[in-house]
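Quick one: structure below, then a few questions.
The values are calculated or read from the model by the stated rules, or taken from the named source; none is laboratory data. The structure presented is a predicted model; accordingly, all values stated were derived computationally and were not measured. Cβ sites come from the backbone with ideal geometry, for glycine too, and all protein chains shown count toward neighbours.
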Amino acid sequence: MNIFRLAGDMTHMFSVLVLLLKIHTIKSCAGVSVKTQELYAIVFATRYLDIFTSFVSIYNTFMKLVFLGSSFSIVWYMRYHKAVHRTYDREQDTFRHWFLVLSCLLLALLIHEKFTFLEVLWTFSLYLEAVAILPQLVLLQRTRNIDNLTGQYIFLLGGYRGLYILNWIYRYFTEPHFVHWITWITGLVQTLLYADFFYYYFLSWKNNKKLN
Amino acid sequence: IEHEFEHDEL
């Protein structure tokens, strides 16, 4: 464990907790894409299958449960909680995300480190996470104004993988033969997808203007 | 045996 990875995990945890808190307290999911939340639930479900078979540390298991629990409860709130579901923007959140799932699955079957069930699903979860934010970014461009919490959620979510890139650089130089091209490339693609969001987010913060 | 690449990251 290094400071970059710890900061990345904390940033990631805060992003999901900010979103869960927003939805739970103001009972609204305006501006939030349930498709991105469903993709993230699939990402965690397929990445953390080894939670039962391999124990890394208390921290690791605890964080996996936090991410699994928060992503599935956010989907539950947005799909089945009456008050929250009413604020869901069905007309605007139209990204056909099942195509993302299918293409990532095919890609994982083609490009992976080891052809085992767990390893292919783990690779699939990396590919899917890289593109999971797309429905949310598309929804963002359609909805005029987004509230601060949703903006903070996306900012933290984009930031966490950027911190992970610093973690990979650190591990590459400190651990012999620590090389994981698939993880690095997907992590880079994922972070780059946030580039224009970061740009507008920074502008709105600098000019102290509403993000739009 | 080849070291089982354990995914120690989240």
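Could you please tell me which pairs satisfy a Cβ distance under 8 Å, a separation of 6+ or placement on different chains, a first residue in segment A:54-66 that is in a helix (DSSP H, G or I), and a second residue that is among the charged types (D, E, K, R)?
Final answer for the pair search is A:Asn60/B:Asp8; A:Met63/A:Asp9.
Restrict the check to segment A:94-105 and report whether at least one residue is surrounded by fewer than 19 Cβ atoms within 10 Å (Cβ to Cβ), among the basic types (Lys, Arg) and in a helix (DSSP H, G or I).
no
On to the next question. Checking A:Asp50 against (1) within 14 Å of chain B (Cβ to nearest Cβ); (2) part of a helix (DSSP H, G or I); (3) at pLDDT 95 or above; (4) within 20 Å of A:Phe124 (Cα to Cα): exactly one of these is not met. Which one?
Among (1) within 14 Å of chain B (Cβ to nearest Cβ); (2) part of a helix (DSSP H, G or I); (3) at pLDDT 95 or above; (4) within 20 Å of A:Phe124 (Cα to Cα), the lone unmet condition for A:Asp50 is (3).
Residues of segment A:63-80 being under 15 Å from A:Lys27 (Cβ atoms) and buried (at least 17 other Cβ atoms within 10 Å of the Cβ), which ones? Working first, answer last.
Keep residues of segment A:63-80 that are under 15 Å from A:Lys27 (Cβ atoms), which gives A:73-74, A:76-80.
A:Ser73, A:Ile74, A:Tyr77, A:Met78 - these are the residues of segment A:63-80 that are under 15 Å from A:Lys27 (Cβ atoms) and buried (at least 17 other Cβ atoms within 10 Å of the Cβ).
So in segment A:28-45, with the set limited to residues that are among the aliphatic types (A, V, I, L, M) and in a helix (DSSP H, G or I), which one is farthest from A:Phe95 (Cα to Cα)? Spell out how you get there, then give the answer.
Of all residues in segment A:28-45, those among the aliphatic types (A, V, I, L, M) come to A:30, A:32, A:34, A:39, A:41-43, A:45.
Still in the running and in a helix (DSSP H, G or I): A:34, A:39, A:41-43, A:45.
Details: A:Val34: 10, A:Leu39: 12, A:Ala41: 17, A:Ile42: 16, A:Val43: 17, A:Ala45: 21 Å.
Top of the filtered list is A:Ala45.
Going through segment A:30-47 one residue at a time, which ones are away from chain B (no Cβ under 14 Å) and of a type in the set (A, V, I, L, M, F, W, C)? Let's see the steps before the verdict.
First, pick out the residues of segment A:30-47 that are away from chain B (no Cβ under 14 Å): A:30-39, A:41-42.
Result: A:Ala30, A:Val32, A:Val34, A:Leu39, A:Ala41, A:Ile42.
Report the residue count in segment A:61-94 for those that are within 13 Å of chain B (Cβ to nearest Cβ) and over 17 Å from the mean Cα position of the chain (by Cα).
Number satisfying all stated conditions: 2.
Step by step: first the residues of segment A:126-157, then only those that are at pLDDT below 95 and not in a helix (DSSP H, G or I), then the one that is surrounded by the fewest Cβ atoms within 10 Å (Cβ to Cβ). Which residue is that?
A:Arg144
Quick check on A:Asn167: is it over 22 Å from A:Leu20 (Cα atoms) and touching a Lys or Arg at 6+ places or on another chain (Cβ under 6 Å)?
On the way: over 22 Å from A:Leu20 (Cα atoms): yes; touching a Lys or Arg at 6+ places or on another chain (Cβ under 6 Å): yes.
Yes; evaluated as a whole, the condition is true for this residue.
Would you point out the residue of segment A:189-205, among those that are among the polar types (S, T, N, Q) and closer than 17 Å to A:Tyr164 by Cα, that is surrounded by the most Cβ atoms within 10 Å (Cβ to Cβ)? Please lay out each step first, then the result.
So the first thing to find is which residues in segment A:189-205 are among the polar types (S, T, N, Q), and the list is A:190-191, A:204.
Add one more test, that the residue is closer than 17 Å to A:Tyr164 by Cα, and what stays is A:190-191.
Numbers: A:Gln190: 23, A:Thr191: 19.
Ranking the qualifying residues of segment A:189-205, first place goes to A:Gln190.
Is it the case that segment A:114-125 has a residue that's in a helix (DSSP H, G or I), at pLDDT 95 or above, in contact with a helix residue (DSSP H, G or I) (Cβ under 6 Å, 6 or more places away or on another chain) and more than 14 Å from chain B (Cβ to nearest Cβ)?
Among the residues of segment A:114-125, not one is in a helix (DSSP H, G or I), at pLDDT 95 or above, in contact with a helix residue (DSSP H, G or I) (Cβ under 6 Å, 6 or more places away or on another chain) and more than 14 Å from chain B (Cβ to nearest Cβ), which makes the answer no.
Among A:Ser15, A:Ser57, which is among the hydroxyl-bearing types (Ser, Thr, Tyr) and more than 18 Å from the chain's Cα centre (by Cα)?
Details: A:Ser15 fails: more than 18 Å from the chain's Cα centre (by Cα).
Matching residue, one of A:Ser15, A:Ser57: A:Ser57.
Hey, A:Tyr77 hits all of (1) at pLDDT below 95; (2) assigned to a helix (DSSP H, G or I) but one; which does it fall short on?
Of (1) at pLDDT below 95; (2) assigned to a helix (DSSP H, G or I), only one is false for A:Tyr77: (1).
If you don't mind, another one. Return a yes/no flag: does segment A:17-29 have any residue that is surrounded by fewer than 17 Cβ atoms within 10 Å (Cβ to Cβ), within 25 Å of A:Val138 (Cα to Cα), among the basic types (Lys, Arg) and away from chain B (no Cβ under 14 Å).
yes
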